[in-house]
């Protein structure tokens, strides 16, 4: 029955550790900024998962101790802030830590070669089109596999303004998108 019950002392330690780690997390998030839990890049996602792992380990087990958990959190936040700073100040570093966004649909046509490179299936893309409330693929100006793994669907209905070309700056194969005239 030890796996179901816990002593009041053990429960108290879990509560104290959880509250302390929560306070440390809030303080570090305030210092590091909102990017701490963003999904701007794969690195951001990895840090978010790592933070969760550290929190779970420290809260639910006596080893590692609380001080080591706080230090682990601090190191993750410092690493994330350092990588974010380097990405802003070095194109080479940004290129080596990020995937580039990739055009996977243009002018209503799936770009299967680019979908294969992004490892996105037709059913994945169709699901994202449905999530974006696309009623007809001809409405889709572009779909982009983003650096985070998300898919952005840029679509319009009759009379809507065309896609601003600047939205595709830095996107692999952006030249395959051809602006279409506004239809009344």
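The values are calculated or read from the model by the stated rules, or taken from the named source; none is laboratory data. These figures come from a predicted structure and were not determined experimentally. A quick note on method: Cβ atoms are made from the backbone with ideal geometry, for glycine too, and the neighbour counts reach across all protein chains shown.
Summary table below
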item: Boolean, residue 120 is assigned by TED's automatic domain parsing to the domain that holds residue 157 and within 18 Å of the chain's Cα centre (by Cα); result: yes
item: Pick from the range 36-45, criterion surrounded by fewer than 16 Cβ atoms within 10 Å (Cβ to Cβ) and closer than 16 Å to residue 94 by Cα, ranking: modelled with the lowest pLDDT; result: 39
item: Only one of 126, 156 that is at pLDDT 95 or above, surrounded by 12 or more Cβ atoms within 10 Å (Cβ to Cβ) and either closer than 19 Å to residue 40 by Cβ or outside the structural domain of residue 45 (by TED's automatic domain parsing) (or both); result: 126
item: Residue within the range 41-53 that is closer than 30 Å to residue 156 by Cα, touching a helix residue (DSSP H, G or I) at 6+ places or on another chain (Cβ under 9 Å) and either without any contact (Cβ under 8 Å) to a residue 24 or more places away in the chain or not assigned by TED's automatic domain parsing to the domain that holds residue 140 (or both) present; result: yes
item: Contacts under 8 angstrom Cβ, first residue in the range 8-22 being in the same structural domain as residue 63 (by TED's automatic domain parsing), partner not in a helix (DSSP H, G or I), 6 or more apart; result: 13/62; 14/6
item: Checking residue 62 against (1) within 18 Å of the chain's Cα centre (by Cα); (2) part of a loop (DSSP other than H, G, I, E, B); (3) not assigned by TED's automatic domain parsing to the domain that holds residue 164, the condition it does not meet; result: (1)
